[in-house]
Amino acid sequence: MNASLLLLADSRLPAGGHAHSGGAERAVATGAVRDEHDLAAFLHGRLTTTGRVAASLAAASCALATTLLPDATPAGGPASGGGEAGWTALDAEADARTASPAQRAAARTQGRLLLRVARRIWPSPVLDGLALAVPSPHHPVALGAVAAVAGCPPRDAALAAAYHSVTGPATAAVRLLGLDPVAVHRLLATLSDTLDAIAGTAAASPHPDPTPPEGSPSEAPDVWAALPAHAAPALDLLAEQHVRATTRLFVS
Amino acid sequence: MTTPPPPATPRAAHPPATPGPATTPPDTHRTALPHSAAVHLATAPQPSDARRGAVARGPGGRRAMTAHAAIAAEMGGRGRVVLSTLRSAPPLTLRQTGPERVHLVATAAGPLGGDRLRLDVRVGPGARLEVASVASTLVLPGRGESVMVVEAHVEAGGRLVFTPEPTVLAAGCRHRMVVRLTLAAGASAVWREEIVFGRYGEAPGRCHSRFDAVHDGRPLLRQEFVVGDPAVDGSPAVYGDARCVGSVLFAGDEPRPLAAEVGEGRAVLPLAGPGTLVSALAPDAVRLRERLALPAPDGP
Amino acid sequence: MGTDHADHHHAPDGHGRALRLGIGGPVGSGKTALVAALCRTLGPSMRLGVVTNDIYTTEDADFLRRAGVLDPARIVAVETGCCPHTAIRDDIAANIDAVETLEERFGPLDLVIVESGGDNLTATFSRGLADKQIFVLDVSGGDKVPRKGGPGVTSADLLVVNKTDLAPMVGADLTVMSRDAAAVRDGKPVLFTSIREDRGAHTVADWVTGMVHDWRHVHATPETPHATLHP
């Protein structure tokens, strides 16, 4: 594990994550989540659906970004950056897995904010290239690219994405329901094995060949078509209800 | 579950669109077959032991089947749609029930564990086709996993409406559903998918469905539903206390039926690409259908 | 926020962009009324944008829009996830995004006001978000508040003590407040206002105008000329 992963996964990373509840605020408002027991089920369901998808997209993005890093570019080739077709295609795969417009907007807002802070923390032509191709990428796509630039392998990117999918809602539930923060962290701890398993599977998914023979960054999006696409219909409904709510504390 | 097929025009079996076994077995009885054997059977009515009631005896009621059915609709002369292929393969039996309409008629129980079923649908340029089914599909346990694959292609100007009855996951089943819907630029489709978590009062078996819609070479919608893991099914993030999940996809050059909206157990979701998804959760199949319904003229 | 962003990645040194003014203070001290008064006073001579950080609703943004002091599209509300101070201090990303969105849509601007959600005396703006900040107190909290200090009172570029009209009713001694504030603020200015009675708002507006002038002097670039100000 690269130590940069700790920075990336830290909820204190100033990338706007604190204002997203991942559906938890609306779930609390509708009574679907009232206590620790409900929260445990909410988090487990979220992790194994959208969390799994985010992890896979982040791993794919990290693998793509790795092929674009200056070190990976053959001498005499393009300085680095680029990869526009790849970024656009991967972001489209994220779109196709996010049916809810509210969820797409939330993912893109978080991706844009992460990309902005990361470009100051870990300046890289790879991130410039992503921002140029997709100014507001889906969060997992941004996270994977940032992870690669920070020196993390795809498995770490996947782990950070899966972790991110549950820590936001967990923190929001602590704030909204006044739950015991230690009890909620115990809940998160019980998800460790699932987090590891999801990250491992995500990193094992096929990715574009990191060392294409011609030296050009791989633009083989077909391998992304098969990435996981687990839907969470209740989260879609919650997200759509949330953006229409007249009172809300969290963006999503 | 035993709704009789609607009156159907008896139809001569069409030659397979793709090269099949030269000698199609004339016997329409449920023949014991090895898992890997492909069979192409005529569309003749099945004997009574094909009824679900008969198979309710248990998984041993019949052996696993492998079947590959196909439909192709093309524009013929004088602007009429011609079904250039209508190849049944029990238990996937096809009946033409209208000029541009085909019904799936289940002529055997199941799918059962071990079944490998596949349906190919092709709508040629400018052609129209509706595919429906006469009754719900009750997925039953058996030896291993049952698999249902639907591969659909719609060419430019073509329009496919695919609205089968729900898939009901009986206790103990292990089912995999794969749908690949490919639309050319200028094509459109309406696609309904409904999954019911077990019969009344019954815990569902396991099911993993995957739906991939690609429009003009770009991904439009990719969705997987996993049912049967109690820790996930009941999650307020996934299905909550619902017993059914369903969606209707309006894909391609379909006029967007409605703007984004959300109601009790349902949402109308404009996709990033050309299409809209109506997504719903419900306590039962009747309410699921109500929630998926749209007042739009093109609604299913 | 929309998703139609260009690849804006402004240099953090502030060249070529508007002055960002944070307005913070406890709940009910009159922050929103002050923002409305500033918009009314400065609107004719400056190109403005406003970001609100409501705690639970878009009430402040709606109030400002209804007040008709500014084109409603120039007022953007940011959700703060139960933690208004986090959004202006520890994780300013959403506010920066909102500010940049306004500058992108309506820019160049002269002044963007970021109003914090009502919070406590420890809440201050990060220097990464606000170039200058005003802390708004009101007298009904008691005349001992300035003496207690806290980062808001001690470090804000301008301290505004509002609702002076209520001082006799709550037994607050403005002289004491003035003396205590001066003692903890190391010479930085304090202004007394009664925004509701339309008293003193112009003095705050004058102070803001001076700040915008100074900012323009240092940070204007030929590509983003600032409007001629008419103080």
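The values are calculated or read from the model by the stated rules, or taken from the named source; none is laboratory data. All values derive from a computational prediction rather than experimental measurement. Quick reminder, even Gly has a Cβ in these numbers, built from the backbone with ideal geometry, and neighbours come from all protein chains shown. Ligands, DNA and RNA are stripped out before the accessible areas are found, and what is left, the full protein with its side chains, is counted by its heavy atoms. Shrake-Rupley method; radii C 1.70, N 1.55, O 1.52, S 1.80 Å.
Figures for the structure shown
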| item | result |
| --- | --- |
| Residue that is nearest to the other protein chains (Cβ to nearest Cβ), among those in the range A:79-120 that are over 13 Å from the mean Cα position of the chain (by Cα) and polar (S, T, N, Q) | A:Ser100 |
| Complete set of residues in the range A:223-237 that are of a type outside the set (D, E, K, R), facing chain B (nearest Cβ under 7 Å) and touching a Leu at 6+ places or on another chain (Cβ under 8 Å) | A:Pro233, A:Ala234, A:Leu237 |
| The listed residue being part of a helix (DSSP H, G or I) and at pLDDT below 90, out of B:Ala54, B:Ala42 | B:Ala54 |
| Residue within the range C:31-45 that is touching a Pro at 6+ places or on another chain (Cβ under 9 Å) and within 27 Å of C:Gly150 (Cβ to Cβ) present | no |
| Verdict on A:Ala145 being out of contact with any Asp or Glu (no Cβ under 7 Å at 6 or more places or on another chain), assigned to a helix (DSSP H, G or I) and more than 14 Å from chain B (Cβ to nearest Cβ) | yes |
| Residue count for the range A:165-191, restricted to those that are away from chain C (no Cβ under 14 Å) and closer than 16 Å to A:Ser21 by Cβ | 5 |
| Residues located in the range B:277-300, provided they are under 26 Å from B:Val232 (Cα atoms) and either part of a strand (DSSP E or B) or at pLDDT below 85 (or both) | B:Leu277, B:Val278, B:Ser279, B:Ala280, B:Leu281, B:Ala282 |
| Of all residues making up the range B:226-263, the number that are open to solvent by 10 Å² or more (accessible area, probe 1.4 Å) and hydrophobic (A, V, I, L, M, F, W, C) | 8 |
| Tally, over the range C:122-160, of residues that are open to solvent by 40 Å² or more (accessible area, probe 1.4 Å), assigned to a loop (DSSP other than H, G, I, E, B) and within 25 Å of C:Arg17 (Cα to Cα) | 2 |
| Subset of the range A:103-130 (residues that are crowded, with 24+ Cβ neighbours inside 10 Å and small (Gly, Ala, Ser)) | A:Ala106, A:Ala107, A:Gly111, A:Ala118 |
| A:Ala92 being modelled with pLDDT under 95 and more than 25 Å from A:Pro169 (Cβ to Cβ) | no |
| Out of B:Glu155, B:Glu145, sole residue that is over 28 Å from B:Tyr239 (Cβ atoms) and among the acidic types (Asp, Glu) | B:Glu155 |
| Sole exception among (1) within 14 Å of another protein chain (Cβ to nearest Cβ); (2) within 19 Å of A:Thr109 (Cα to Cα); (3) in contact with a helix residue (DSSP H, G or I) (Cβ under 9 Å, 6 or more places away or on another chain) for C:Ala98, by number | (3) |
| Among (1) crowded, with 19+ Cβ neighbours inside 10 Å; (2) closer than 23 Å to C:His202 by Cα, the one test that C:Val78 misses | (2) |
| Residue among B:Thr137, B:Thr85, B:Thr107, B:Thr167 that is in contact with a strand residue (DSSP E or B) (Cβ under 9 Å, 6 or more places away or on another chain), open to solvent by less than 30 Å² (accessible area, probe 1.4 Å) and closer than 20 Å to B:Phe225 by Cα | B:Thr167 |
| Single residue of the range B:171-193 satisfying the filter (more than 22 Å from B:Val102 (Cβ to Cβ) and surrounded by fewer than 20 Cβ atoms within 10 Å (Cβ to Cβ)) that is nearest to the chain's Cα centre (by Cα) | B:Arg176 |
| Of the criteria (1) surrounded by fewer than 24 Cβ atoms within 10 Å (Cβ to Cβ); (2) assigned to a loop (DSSP other than H, G, I, E, B); (3) at the interface with chain A (Cβ under 8 Å from one of its Cβ atoms), which one C:Val69 fails | (3) |
| Qualifying residue in the range A:178-199 (condition: within 27 Å of A:Thr88 (Cβ to Cβ), touching a Leu at 6+ places or on another chain (Cβ under 9 Å) and β-branched (Val, Ile, Thr)) | yes |
| Residues of the range A:238-251 classified as at the interface with another protein chain (Cβ under 7 Å from one of its Cβ atoms) and touching a residue at least 40 places away in the same chain (Cβ under 8 Å), total | 6 |
| Selection count where residues are within 21 Å of A:Ser205 (Cβ to Cβ), open to solvent by 20 Å² or more (accessible area, probe 1.4 Å) and within 14 Å of chain B (Cβ to nearest Cβ), scope the range A:7-66 | 3 |
| Flag if A:Gly151 is assigned to a loop (DSSP other than H, G, I, E, B) and at pLDDT 95 or above | yes |
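Residues checked against (1) within 13 Å of another protein chain (Cβ to nearest Cβ); (2) out of contact with any Phe, Trp or Tyr (no Cβ under 8 Å at 6 or more places or on another chain); (3) part of a strand (DSSP E or B):
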| site | (1), (2), (3) |
| --- | --- |
| B:Gly142 | no, yes, no |
| B:Val149 | no, yes, yes |
| B:Ala171 | no, yes, no |
| B:Ala185 | no, yes, no |
| B:Val190 | no, no, yes |
| B:Glu202 | no, yes, no |
| B:His208 | yes, no, yes |
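So that you can scan it fast, the table gives a plain yes or no per residue for (1) open to solvent by less than 10 Å² (accessible area, probe 1.4 Å); (2) assigned to a helix (DSSP H, G or I):
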position	(1), (2)
C:Arg65	no, yes
C:Ala73	no, yes
C:Thr86	no, yes
C:Thr101	yes, yes
C:Leu109	yes, no
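Results for (1) surrounded by fewer than 22 Cβ atoms within 10 Å (Cβ to Cβ); (2) of a type in the set (Phe, Trp, Tyr); (3) modelled with pLDDT of 80 or more; (4) in a helix (DSSP H, G or I), shown as yes or no for each residue.
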{"residue": "C:His15", "(1), (2), (3), (4)": "yes, no, yes, no"}
{"residue": "C:Leu21", "(1), (2), (3), (4)": "no, no, yes, no"}
{"residue": "C:Ala36", "(1), (2), (3), (4)": "no, no, yes, yes"}
{"residue": "C:Ser45", "(1), (2), (3), (4)": "yes, no, yes, no"}
{"residue": "C:Gly49", "(1), (2), (3), (4)": "no, no, yes, no"}
